[in-house]
1. On the given criteria, is Leu75 at pLDDT 90 or above and not small (Gly, Ala, Ser)?
2. Only one of Trp93, Trp108, Trp136 is under 30 Å from Glu56 (Cβ atoms) and of a type in the set (Phe, Trp, Tyr); which?
3. Quick one: what pairs do we get from region 40-58, first residue closer than 13 Å to Leu76 by Cβ, second modelled with pLDDT of 90 or more and assigned to a loop (DSSP other than H, G, I, E, B), C-beta under 6 Å, 6+ apart or different chains?
4. Name the residue that is modelled with the lowest pLDDT, counting only residues in region 79-113 that are of a type in the set (Ser, Thr, Tyr) and either surrounded by 17 or more Cβ atoms within 10 Å (Cβ to Cβ) or at positive phi (or both).
5. Collect the residues in region 11-49 that are closer than 15 Å to Gly88 by Cβ and at pLDDT below 90, keeping them in residue-number order.
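The values are calculated or read from the model by the stated rules, or taken from the named source; none is laboratory data. For clarity, every value in this text was computed on a predicted model and none was experimentally measured. In this analysis, Cβ positions are derived from the backbone assuming ideal geometry, glycine residues included, and neighbour counts consider all displayed protein chains.
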Amino acid sequence: MNIATASASLQRASGPSEFQWVDVRSATEFASGHIPGTVNIPMEQIEARLEDLRPEIPIVLVCQAGKRARMVAGLLEPCRKDVKVLEGGTAAWKAAGLPLVVSTNTRWSLERQVRLVAGLLILTALLLAETVHRYWLGLAGFVGLGLTFAGLTDLCLMAALLVRLPWNRTRRPDGSQTCTV
């Protein structure tokens with residue numbers, strides 16, 4: 001589904017929409033800017049939340065650029081034939097000058113922050129192991145162990161630390177910090 005068709009569909013909707021709009025990004029990404037009227041069902045939850053999708057209304061899947069939405073469409077294909085993907089995602093929506101609902105100023109999802117920090121730690125460890133001492137490989141192993149633990153348990157200690165940083169906190173309208181996202 002292209003932006004013009006999608007925008008027209010939302011503008012025509014007075015009452016129940018002709019489509020159910022589902023944003024498959026993480027909650028943090030959703031909060032940083034989503035299309036009005038969309039519901040957030042993160043990609044990793046979609047199979048467990050099929051009951052949240054109304055069977056009588058076609059679905060439009062949305063993500064940042066369209067890649068994750070296409071992946072989710074593939075997951076839904078065996079049980080739903082009425083799934084469309086918003087081409088270009090929220091990035092194209094925003095570029096077209098259409099409104100986004102923003103509830104936090106976070107630009108990067110927590111998952112992306114974890115990937116960046118983990119990657120930087122591993123690269124630093126490899127560089128230090130090559131130039132200073134090979135014992136720095138232990139840091140790379142520790143990060144790998146942490147990522148493995150996070151994958152197995154769905155508990156990420158690095159994310160628990162990153163969520164406490166100032167840019168991951170929501171703000172009151174007066175600018176004071178309230179809580180973490």
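1. Numbers: at pLDDT 90 or above: yes; not small (Gly, Ala, Ser): yes.
Yes: the conditions hold for Leu75.
2. That would be Trp93, the only listed residue that is under 30 Å from Glu56 (Cβ atoms) and of a type in the set (Phe, Trp, Tyr).
3. Once the first residue is closer than 13 Å to Leu76 by Cβ and sits in region 40-58, its partners that are modelled with pLDDT of 90 or more and assigned to a loop (DSSP other than H, G, I, E, B) give Met43/Val24; Arg49/Ile41; Pro58/Phe19; Pro58/Asp82.
4. Checked region 79-113; the qualifying residue modelled with the lowest pLDDT is Thr106.
5. Gly33
Residues are listed down the side, and each one gets a yes or a no for (1) outside the structural domain of Leu161 (by TED's automatic domain parsing); (2) buried (at least 16 other Cβ atoms within 10 Å of the Cβ); (3) part of a helix (DSSP H, G or I):
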| site | (1), (2), (3) |
| --- | --- |
| Gln45 | yes, no, yes |
| Leu50 | yes, no, yes |
| Arg54 | yes, no, no |
| Ile57 | yes, no, no |
| Ala73 | yes, yes, yes |
| Arg115 | no, no, yes |
| Ala125 | no, yes, yes |
